[in-house]
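Laboratory data are not the source of any read-out in this text; all were calculated from the coordinates shown. Treat the numbers as computed from the prediction; the structure is a model and nothing was measured. Don't worry about glycine lacking a Cβ; one is built from the backbone with ideal geometry, like all the others, and counts go over all protein chains shown.
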Amino acid sequence: MATASSAPQPEPAKNATPRFESWGRYPTLDATVLPMHWQGDFPGMIDGVHGGALAVGMGRSYGDVCLLKDGTLLKTTSMNRLLGFDANTGLLTAEAGITLAAILDFAVPRGFFLPVAPGTKYVTLGGAIANDIHGKNHHNAGTFGCHVMRFELVRSDGTRRLCTPTENPDYFGATIGGLGLTGVIRWAQIRLRPIVSRMIDYQGTQFHGIDEFLALNEQSQNVEYTVSWIDANSAGRNFARGIFMQGHHSNVPAPLTKSRPPKLVFPFDAPGFALNSATVGLFNTVFFHKQMKKSVTALQDYEPYFFPLDKVLHWNRMYGKRGLLQFQYAIPWEHAREATEAVLRAVSKSGLASFLAVLKAFGDVPSPGLMSFPRPGLTLALDFPIKPEKSFALFKRLADMTREFGGRLYPAKDAAMTPSQFRAFYPQWERFARYKDPVLTSAFWERVTGEEAAS
Amino acid sequence: MSDFSASDFSAVDPSTQEPLLQLRASEIAATAPRVPKRILVLGATSGIAEACCRLWAERGDSLFLVARDPEKLSAVAADMHTRGATYVGSAIANLDDTAGHPELLAHAINSLAGLDIAFLALGVLGDQSQAERNFAHAAEILHTNFAAPASLLTWLGNYCAQRHSGTLAALSSVAGDRGRKSNYVYGSSKAGLTAFLGGLRNRIDRDGVRVMTIKPGPVRTAMTEGMKGSEKFADGNEVAAAIVKAIDDGTDVLYVPGKWRVIMAVIRAIPERIFKKLNL
């Protein structure tokens, strides 16, 4: 395996572009960033480059799957052309660096929508495949990878493969959720779904405790989109309170206009003390009671429904320079209830503030991805500001609990799982490693397949 | 064939002699289906040209794209077709070959069935320090940035002047406004182009042909990649939007972003005895 650290490296070339950061802004690793403009740029662009390389997109994954210490990051966002669209079938072909935001700008006025919409539209098509992202419709639509019809993969030796479920199916499966390690995706074809309106028929329902959540989830099995915000700070009477948010595309025809670009930018790094248990507790209480009634219904535009945080560019600056740590598990139904309660108790006891905690039930639509994260059961996503001494200890405790309950963590949101945890979460990793490109690697991969850190 | 006359369509109330329905010219324009513009793009895989083409494609114009690299050209052509261009034609050509220009241009205009706009975006930044040592490299820059566009503009200018219609828009640069040590070879090629465009405009504007000089400041594109401070350069999409609008408006000289008109006025005003000592 080509590692960036195996030999003494010359100082990386002084780069005019600022350091490439992941969304959690932790860890910070220096790499050379080379923009990729054309499908034919790779692998020629890394000729004579020492160390590993990795194709990256918008840097919206939280941890280090999009980083590589002293390596070369191939930024794909200028390789963003639309290559074809069939309005009869909804099949869209585009270069891998296009963002889902650009796909929506194209598709919505034509009456189509993403088959799976993640929590931010500022991710690339290639990144969506490489992380096999999921959305609020996982319980009936599966992951993003379930809607990928085909793509072209280039290896660092220049070999090109057309990958479909039937042609090169092994590379197809290894690349979906393959964290960019199996090659560089030049273009991909996905199937969009038709819509007649931008609007979402929304219903928000307050719940107290996991059991109420599970009951609501049971009742909404046939609703297209379900997700819950959950208060991960409160204990006692308010323990595990939250709002169950369900919705579906409105079937009343309405104008299909293009979204306007966001105007708000979080302007500076907030100081480290800005997010503490008091401010986050206040936020959570306000968020819970913003909805005055037990249940509300509304017709809401898809932007605030799917991408509420995209309204403020660089919102991660709220977490200050030290950044944030994400934690997201998927735990099978068997232990989902007790695990979620136990984890929420551990979090609220720790006093480490987490807002934007999200709870959702995954469905049983299988992903074609070999290393895909979602599995039937519950998924819980939490974020913590990084506080030395505290955050990592809590994270380790939560990761160990996840392992005991038979769950797994999400690489796209991880900066801290250990090699032994990774191998337990993804026992298929050795089979996956056979498809890994010898030159492509990431800080994540080096970390979780390397030696266990002495701690 | 028909006995209709224009008066048949004007509804007039006989009692008052007042027209019942009057449409202003702007309202007529808004309701009439837009006729697609026929646009020839030379150097279509350049960053600014591609961004302009996306705007033209999205409003349904017809495009004929010319570039050197077949793979890049086919990706750009597919993009424009997908985004909604009424027609997308393309030709692979090395535009340095001026002898091939007449045939290429005639073919492009035949494919478009006419010409409303020609957009010239060919150009190279070159390597200033290499051009200082080696005239062969300087000659390449001058040829691609000045001689080749001049050849294209000569043919296109005569074609349009004969028909009393069309817009010829070419990418020059603020670097052509004053020679400076860091890029005077590139700058002089653009200065030549600016002068050529000015003279051509003076000659054929009266024939009904718009000739437009576009002077972008530094723009974030593949051409400027890796340059110091390139993250502060203007956004290519915003520059493209300004260019597309200026072509519609018939602007003569466009500085884009607009602040460069002021900056370059200041730079041109610096007396030479001071300027020659500056490090710009």
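Ordered by the number of other Cβ atoms lying within 10 Å of each residue's own Cβ, fewest first, A:HIS314, B:HIS81 fall into the sequence A:HIS314, B:HIS81. The modelled label-to-label distance between B:VAL262 and A:ASN251, using points 7 Å beyond Cα along the C-beta direction, is 5.7 nm. Taking amide H atoms as placed 1.01 Å from N in the peptide plane, the amide H of B:VAL256 lies under 5 Å from those of B:LYS215, B:GLY217, each 5 or more residues away in sequence or on another chain.
Note: relative contact order over chain A, using C-alpha pairs below 8 Å and six or more positions apart, is 19 percent. Amide H contacts for B:PHE64 (H built 1.01 Å from N in the peptide plane; partners 5 or more residues away or on another chain; cut-off under 5 Å): B:ILE39, B:LEU40, B:VAL41, B:GLY89. Sorted into 5 angstrom bins from 0, the C-alpha pair distances of the stretch A:185-225 split as 5, 13, 18, 17, 11, 12, 11, 8, 4, 1 percent.
Checking the a/c ratio against 1.5 first, then a/b against b/c, what shape does the Cα gyration tensor give for the stretch A:199-419? Rounded, since a/c falls under 1.5. Maximal additional length on extending the A:GLU404-A:GLU338 stretch stands at 22.6 nm, based on 0.36 nm per residue less the C-alpha distance. Residues whose amide H falls under 5 Å from that of A:ASP70, counting only those 5 or more places apart or on a different chain, are A:ASP30, A:ALA31, with hydrogens built in the peptide plane.
Summing charges over neighbours of A:PHE273, with a neighbour being any other residue whose Cβ is under 12 Å away from its Cβ, gives +2 when K and R count +1 and D and E count -1. Its residue count N sets the reference 2.2 N^0.38 Å, and the alpha-carbon radius of gyration of the stretch A:103-145 equals 1.13 times that reference.
With a Förster radius of 25 Å applied to the beta-carbon distance between A:ASN276 and A:ALA393, the computed FRET efficiency rounds to 0.90. The trypsin sites (Lys or Arg not before Pro) of the stretch A:319-391 that DSSP puts in a loop, and whose beta carbon has at most 13 other beta carbons within 10 Å, are A:LYS321.
A:LEU29 sits among other residues whose Cβ lies under 14 Å from its own Cβ, and their net charge, with Lys and Arg +1 and Asp and Glu -1, is -1. Sequence-ordered 3J(HN,Hα) estimates for the stretch A:124-136 from the Karplus curve with 6.51, -1.76 and 1.60 and θ = phi - 60° stand at 8, 4, x, x, 5, 6, 5, 9, 5, 5, 10, x, 6 Hz, glycine and proline given as x. When the alpha-carbon atoms of the stretch A:117-252 are used, the pair Rg, Dmax equals 18.9, 60 angstrom. For chain B, the longest principal axis of the alpha carbon atoms and the long axis of helix B:184-204 meet at an angle near 30°. Computed 3J(HN,Hα) for the stretch A:285-302, one whole-Hz value per residue from the Karplus formula 6.51 cos²θ - 1.76 cosθ + 1.60 where θ = phi - 60°, is 5, 4, 4, 5, 8, 4, 7, 6, 9, 4, 9, 10, 10, 7, 9, 10, 5, 5, glycine and proline marked x.
Binning every alpha carbon pair distance of chain A at 20 Å from zero, what are the percents per bin? Bins of 20 Å from zero give 25, 60, 15, 0 percent of pairs. Going from the residue with the fewest nearby Cβ atoms within 10 Å to the one with the most, A:PHE384, A:PHE85 rank A:PHE85, A:PHE384.
A Förster radius of 22 Å, combined with the Cβ-Cβ distance separating A:SER295 from A:GLU218, puts the computed FRET efficiency at roughly 0.85. Cα centroids of the stretch A:293-348 and the stretch A:58-122: 22 Å apart. How would the stretch A:238-366 be classified by its alpha-carbon gyration tensor: rounded, prolate or oblate, with rounded meaning a/c under 1.5 and the a/b versus b/c comparison settling the rest? Note, shape of the stretch A:238-366 comes out oblate. Over chain B, what relative contact order in percent results from Cα pairs under 8 Å that are six or more residues apart? Relative contact order here is 16 percent. With a Förster radius of 22 Å applied to the C-beta separation of A:VAL286 and A:ASP364, the computed FRET efficiency comes to 0.05. Identify which of B:PHE196, B:PHE64, B:PHE135 has the largest mean-square fluctuation in a Gaussian network model of chain B, with springs joining Cα atoms closer than 10 Å. Result for chain B, Cα springs under 10 Å: B:PHE135 fluctuates most. For the stretch B:76-179, taking the reciprocal of the average inverse distance between every pair of different Cα atoms yields a Kirkwood hydrodynamic radius of 15.6 Å. Below 8 Å between Cα atoms, with a sequence gap of 6+, how large is the relative contact order for the stretch B:36-171 in percent? Computed over the stretch B:36-171, the figure is 27 percent. Three principal axis extents describe the C-alpha atoms of the stretch A:43-167; from largest down they are 46, 30, 27 Å. Over the stretch B:36-275, the fraction of Cα-Cα pairs per 10 Å bin, rounded to whole percents and listed from the shortest bin up, is 8, 33, 39, 17, 3, 0. For A:LYS263, the lysines whose Cα comes closer than 16 Å to its Cα, not counting residues fewer than 8 places off in the same chain, are A:LYS121, A:LYS311.
Considering only A:ALA107, B:PHE119, A:LEU153, and ranking their Cα positions along the charge dipole of the protein assembly as shown that arises from unit charges at the beta-carbon of Lys, Arg, Asp and Glu, the one farthest toward the positive end is B:PHE119. Averaging the Cα positions of each part gives two centres, and for the stretch B:215-262 and the stretch A:150-219 these lie 37 Å apart. Backbone geometry of the stretch A:346-361 corresponds, through the Karplus equation with coefficients 6.51, -1.76 and 1.60 at θ = phi - 60°, to 3J(HN,Hα) couplings of 4, 5, 5, 5, 5, x, 7, 5, 9, 10, 6, 7, 10, 10, 8, 8 Hz, x marking Gly and Pro.
Fewest-first ordering of B:CYS52, A:CYS163 by other beta carbons within 10 Å of each residue's beta carbon gives A:CYS163, B:CYS52.
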